[in-house]
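The values are calculated or read from the model by the stated rules, or taken from the named source; none is laboratory data. This structure is a prediction, so every number in the text was calculated from the model and none was measured. Cβ sites come from the backbone with ideal geometry, for glycine too, and all protein chains shown count toward neighbours.
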Amino acid sequence: MTKPRVVLTRKLPVPVEQRMGELFDLVPNPDDQALPQEALLDAVKTADVLVPTLTDRIDADLIRSAGDQLRMIANFGAGTEHIDVEAANRAGIIVTNTPGVLTEDTADMTMALIVAVPRRLVEGSQALLDMNGEWKGWSPNWMLGRRIFGKKLGIVGMGRIGTAVARRAKAFGLSIHYHNRTPVADQTQAELNATYWDDLDDMLARMDIVTIHAPLTPQTRHMIDARRLGLLKREAYFVNVSRGGIVDEAALIDAVDKRRIAGAALDVFNKMPHVNPRLLDLCREHRITLLPHMGSATLESRIEMGERVLINIRVVFDGHRPPDRVLP
Ligand code: DGY
């Protein structure tokens, strides 16, 4: 059997590319930057499998330009909002993703931010650097943050990552509240001692910390808008490690700037890689903590994401249904 031609749009971890090179007719991208549009167009006309990432835009136009040979779009990543899955499906192209393998690392990063913001972690570290060896020592009133133990955490989206965050947060002494389309299984709800809120507005108004773990879809775009941000308590913190588009970024900036909420932490932005300069200003003032989309950035996650891509491709070319098929 001839090996499928697999085009990578980004440089993937070395062991992943090595294994793919053994199994497939691999066309890697040696530059660590997104493929230009012409190269992407060329890829869909020649590849059997395209392996994109969230930095590519695989829209209906690109899918229409694909040759008949394109059998599969095997995304390196869990989120697929950058792929027109419906157009791919119509064209008979299978779309897969890599769920599950980045859950624990993304939940760790979320928990780190849930602690870092109220406890002023980044600000404290920066203050020490700024003092350049001139620190006068401990003081009863210096760098006081807010306690997180005993506070209420509101999780918006209780899928794999939301649930993994809940487990960590419970161990930190937070009480777990969540909003989801449906409640989680009774056993999970009991294990987490979690409260389900059918009405998102009601939950938001009562939480001390809110964290977002929903996929970006037409239904969730700007789900957290100015009105909903206005429901948050003045002492509340807001964390988003999922997708920037779920939040109306301008409204969030206003809420923090005008001190209508206590602070925020963001790992994702509206128009990445662009970061709104007002966010950067608030970050310099330590009223917002910003990270450059690092939720799944561990060697382990990235290798396992590559392994999922590889498994999905092999299963499809063995004539079976791939484990991580994404449907419209
Ligand atoms: C994903 O897999 O969608 C993540 O956001 C990548 O970090």
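Before moving on, here are some points about what is shown:
- Matching residues in region 15-54 - criterion: being farther than 26 Å from Ala87 by Cβ, within 16 Å of the ligand (Cβ to nearest atom) and in contact (Cβ under 8 Å) with a residue 24 or more places away in the chain: Val16
Residues are listed down the side, and each one gets a yes or a no for (1) under 21 Å from Gly100 (Cα atoms); (2) at pLDDT below 95; (3) basic (Lys, Arg); (4) not in a helix (DSSP H, G or I):
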residue: Leu216; (1), (2), (3), (4): yes, no, no, yes
residue: Lys233; (1), (2), (3), (4): no, no, yes, yes
residue: Ile253; (1), (2), (3), (4): no, no, no, no
residue: Ala264; (1), (2), (3), (4): no, no, no, yes
residue: Asp281; (1), (2), (3), (4): no, no, no, no
residue: Thr289; (1), (2), (3), (4): no, no, no, yes
residue: Glu300; (1), (2), (3), (4): yes, no, no, no
residue: Ile303; (1), (2), (3), (4): yes, no, no, no
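- Among the conditions (1) within 25 Å of Phe269 (Cα to Cα); (2) exposed (fewer than 15 other Cβ atoms within 10 Å of the Cβ); (3) away from the ligand (no atom under 16 Å from the Cβ), the only one that Arg57 does not satisfy is (3).
- Among the residues making up region 60-108, those that are part of a loop (DSSP other than H, G, I, E, B), surrounded by fewer than 20 Cβ atoms within 10 Å (Cβ to Cβ) and more than 14 Å from the ligand (Cβ to nearest atom) are Gly67, Asp68, Gln69, Arg71, Ala91, Gly92.
- Whenever a residue of region 298-309 is within 10 Å of Gly77 (Cβ to Cβ), it has no partner that is more than 10 Å from the ligand (Cβ to nearest atom) and part of a helix (DSSP H, G or I) lying with C-beta atoms less than 6 angstrom away and at least six residues away or across chains.
- Contact map, region 86-105: first residue outside the structural domain of Ile161 (by TED's automatic domain parsing), second residue more than 16 Å from the ligand (Cβ to nearest atom) and in a loop (DSSP other than H, G, I, E, B), Cβ cut-off under 6 Å, separation 6 or more or different chains; pairs are Glu86/Pro328; Asn89/Pro328; Ile93/Leu70; Thr96/Pro322.
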